[in-house]
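What follows draws every value from the coordinates through simple rules; no lab data is involved. Just so it is clear, the model here is predicted, and its values are computed rather than measured. Cβ: placed from backbone, ideal geometry, glycine included. Neighbour counts: every protein chain shown.
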Amino acid sequence: MRNHRLVMVLSVLSVLSIVSVASSGQTLQFSLTDLGAFGGASSDAKDVDIYGNVVGYYTTSSGQLNCFYYHNSTILGSSVWKSPHPGGTCIVYGINRSGVMAGTITASNGNASAFTATRNLRGQVNVTYLSSPYGLSTYGAGISDQGTVFGSSYDGPTTYRASTWINGTYSQVAADTSWLTTYWQDCTTCTYFANYSQTISWQTRSYECYGGNGEYACVEALPLSAINVNSQINAFDHNSGYVGWSVGDDGTSHAVQWSWASSAQDVAGPNSFATGMSLDFYGSPPNPHLIIGQWQGGAVPFLRQTNEITCTQTVNLQTLLDSTGSGWTLLEANRMNTPDGVSYYIVGSARNSLGQTHAVRLTSNGGTLCP
């Protein structure tokens, strides 16, 4: 019981420390925290929870990918754990507000398994593997705050199925050649929102689904172009819609936002894609809405902020770093989260002055690009 209380106190203090710096009128800036390479050659952060805890993977000198968990506390520190299969890989793609992680472990023979993982106060990580009735492999792409793991199952050269695991129990969401990219559930009304992509005649199409009790009604998220219909949803907010990419008439990918199966809105121009979005907290006035992603074919992270209809700013995320970012070049902005709708965490990777690529966490000062 004492340990549980310690975790709760640390989590609350983490949130309060961020909220305390938020004030109106500040220009938006981010401080950079170097998470290191965890004893390896490089690392990359894939997700962050509302408390600032970060998950991802690090690469050893031999090229093997292993999982890491970084706790937003100097007391509990960080954990790393190796793939249980020599020559295999371990990547954590998601963490929810309860601290449960999800990802994919791949064996040296190529077979993969979705998993969940929890970490205790002694730094020990307990892993649970998730299977499907179809055979060969399962892939975990993330986890909802309610504990549902989402991803896909695989049983042949082209047979992927969008899938979820609720309390470890497998459920298929969509037909063959599909994979689930986001999932959210409202336990008070027992409703579910899911987004999946599906390859049809060599085209990648995206769908938004709504339902409950394993039954879904799905509609296609309309693409940016009527000529090139390829698209994929990468992040989701049940209040604001979802973001990802869609190929334009110019044949390149464009970062886009959809609002409930409406036409895609281009938010960053050609050769871009969106990777994350802020939760849409309501207030008076409503808090600004943020989207992150990559420009220039994935080479430059961007941030877009919209404050209702009065202001829209899209900028190079590098330009928003404070002095803690000196000597660092941002490479990826993979995911974001917010404890309060005012301050934000963004995680990804950056290269330092020595040419080393490390996982990083950016923490905002509570400012805004939109007055």
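Expected output is a single nm value to one decimal: the length gained when fully extending between residue 329 and residue 97, i.e. 0.36 nm times separation in residues minus the C-alpha distance. What is it? Don't skip to the answer; put the middle values down first.
Values: separation 232, 0.36 × 232 = 83.52 nm, distance 2.91 nm.
My answer for the length gained is 80.6 nm.
For residue 244, what is the net charge nearby, where nearby means another residue's Cβ is under 15 Å from its Cβ and Lys, Arg count +1, Asp, Glu -1? With Lys, Arg at +1 and Asp, Glu at -1, the neighbours total -1.
Placing a pseudo-label 7 Å from each Cα along the Cα-to-Cβ vector at residue 175 and residue 82 gives an inter-label distance of 4.5 nm. Please work out whether the stretch 51-183 counts as rounded, prolate or oblate from its C-alpha gyration tensor, where a ≥ b ≥ c are the square roots of the eigenvalues and a/c under 1.5 means rounded, while otherwise a/b larger than b/c means prolate and anything else oblate? Here the stretch 51-183 falls in the oblate category.
Anisotropy class assigned to the stretch 125-172 is prolate, per the alpha carbon gyration tensor with a/c at or over the 1.5 cut-off and a/b larger than b/c. Label reach from residue 34 (point 7 Å along Cα→C-beta): in the stretch 314-332, amide nitrogens under 11 Å belong to 325-329. Set the Förster distance to 56 Å, then compute FRET efficiency between residue 259 and residue 74 from the Cβ-Cβ distance, nearest 0.05. Calculated transfer efficiency: 0.85.
How large, in Å, is the stretch 315-367 by the Kirkwood hydrodynamic radius built from its alpha-carbon pairs? For the stretch 315-367, the Kirkwood estimate is 11.6 Å. Measuring r between the beta carbons of residue 316 and residue 340 and using R0 = 35 Å, the FRET efficiency lands at 0.85.
Compared with the direct C-alpha span, the chain from residue 199 to residue 354 gains 51.7 nm at full extension, assuming 0.36 nm per residue. Annotation: peptides 312-320, 121-129, ranked by per-residue average of other Cβ atoms within 10 Å with the highest first, follow the order 312-320, 121-129.
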